[in-house]
Amino acid sequence: MRPLTITHPEVTEERLLRQASLIPGAWAGIRIAALILVLKGWRSTAVAHLFQLSRPTAVAWIRDANTRGLACLLDRPRSGRPPRVTAKAARDLEAALEKEPSEFGLPRSRWDGISVCQYLRKVWGISLRPRQARNWLHRLGFVLKRPGYRLLQATGKGIPRFRRGLKKKFGRS
């Protein structure tokens, strides 16, 4: 089997390196590096092994470069349902999470999935399930963790001072 080559005249090593500085993102950089290696004569299987990709992914990148040229470096728009929480609502939620839920009239002492659902419904009119709200908490860098309580133990020298501080006097027991 003969190795795949890049035949599109727009895809050259110099142009790929120029594009690398213009496009942010690690995958675009990996794709550029993989295409440069193919231009240098590497086989698609060796490139896939080097970047720990599947061979069909490397072949798809090469074929995409042959058909689309440098446009292959840009991700195509992905299909799917648009998010219910807009970018503006997410920023607002992140700012709200820094405050107590009670400041927004929510009957909770701390933020959790249910309180985030109530907040988004009340302020933005967005309806989410608690699990999705917990995903948003995680995505924004917050962790659902109950505060830990540690009971202090009395020491021998602190007991008399504690007893003196009480209004009621204790006898020796």
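Taking GluC sites (Glu not before Pro) in DSSP loop conformation with at most 13 other Cβ atoms inside 10 Å as exposed sites, the chain has its longest uninterrupted site-free stretch at 11-97. The value for the stretch 13-73 of Rg(Cα) / (2.2 N^0.38 Å) is 1.01. Here is how the number arises for the chain: DSSP H runs of 4 or more residues each give -39500 (n - 2.57), the sum is divided by the residue count, and the result at 222 nm is -14500 deg cm²/dmol. For the stretch 87-139, the Cβ-based charge dipole about the Cα centre amounts to some 260 debye (Lys, Arg positive; Asp, Glu negative; other atoms uncharged).
For the stretch 13-73, the dipole from Cβ point charges (+1 on Lys and Arg, -1 on Asp and Glu) about the Cα centre works out to 100 debye, to the nearest 20.
Extension gain, HIS8-ARG84: 0.36 nm per intervening residue step, less the Cα-Cα distance, totals 23.3 nm. When +1 charges are put on Lys and Arg Cβ atoms and -1 charges on Asp and Glu Cβ atoms, the dipole computed for the chain relative to its Cα centre reaches about 1840 debye. A run of the chain free of exposed loop cleavage sites, with trypsin sites (Lys or Arg not before Pro) counted only in DSSP states other than H, G, I, E and B and at most 14 other beta carbons within 10 Å, reaches its longest extent at 1-39. Using 0.36 nm per residue and subtracting the Cα-Cα separation, the extra length available between ILE30 and ARG129 on full extension is 31.9 nm.
Cross-link partners of LYS40 among aspartates and glutamates, defined as those whose alpha carbon lies under 16 angstrom from its own and excluding same-chain residues fewer than eight positions apart: GLU10, GLU13, GLU14.
None of the figures in this text is laboratory data; all of them are computed from the coordinates on show. Since we're looking at a predicted model, the values are computed, not measured. Counting neighbours? That spans all protein chains shown, and the Cβs are built from the backbone with ideal geometry, glycine included.
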